[in-house]
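Here the structure comes first, spelled out in structure tokens, and everything after it is commentary.
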Amino acid sequence: MASIPKLQFITKEGGCGLCDDAFEEIEDAKEYVDFDVEIVKIQQGDDLWNKYWDQIPVIVIDGKVAFKHRTTRDALIRKLKRPAWKFW
């Protein structure tokens with residue numbers, strides 16, 4: 001059986017307006033596709049802060065950056081749904 005996608009939601013300690021909006025879209029997507037969510041709150045001095053502080057929220061799916069700043073439920077669903085393997 002295939003594993004479900006792993007989504008990492010990178011936000012900053014204390015949150016932000018864009019982060020709140022993106023998290024709502026993540027919650028809405030959960031109604032349509034199964035995936036694990038890990039919330040990572042970064043703060044100044046963290047390695048991820050140096051990499052993403054000016055791009056949050058950042059959504060990483062299975063280790064690859066999928067979205068920066070904004071997303072929608074439908075865009076998330078498209079990225080999270082793995083194509084079914086077909087023989088022909």
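Throughout, read-outs are computed from the coordinates displayed, never taken from laboratory work. The structure presented is a predicted model; accordingly, all values stated were derived computationally and were not measured. With ideal geometry, Cβ positions are generated from the backbone for all residues, glycine too; neighbour counts draw on all protein chains shown.
Quick test for you: out of ARG73, ARG82, pick the one residue that is in contact with a Pro (Cβ under 8 Å, 6 or more places away or on another chain), more than 12 Å from PHE9 (Cα to Cα) and touching a residue at least 24 places away in the same chain (Cβ under 8 Å).
The match here is ARG82.
Under 7 Å between Cβ atoms, which residue pairs at least 6 apart in sequence (or on different chains) link something in the range 18-44 that is among the aromatic types (Phe, Trp, Tyr) with a partner that is in a helix (DSSP H, G or I) and surrounded by 15 or more Cβ atoms within 10 Å (Cβ to Cβ)?
TYR32/ILE77; PHE35/LEU80
Tally the residues that are exposed (fewer than 15 other Cβ atoms within 10 Å of the Cβ), touching an Asp or Glu at 6+ places or on another chain (Cβ under 8 Å) and not hydroxyl-bearing (Ser, Thr, Tyr), restricting the search to the range 53-83.
The number of residues fulfilling the criteria is 1.
Mind counting the residues in the range 23-39 that are surrounded by 14 or more Cβ atoms within 10 Å (Cβ to Cβ) and touching a Phe, Trp or Tyr at 6+ places or on another chain (Cβ under 7 Å)?
Number of matching residues: 3.
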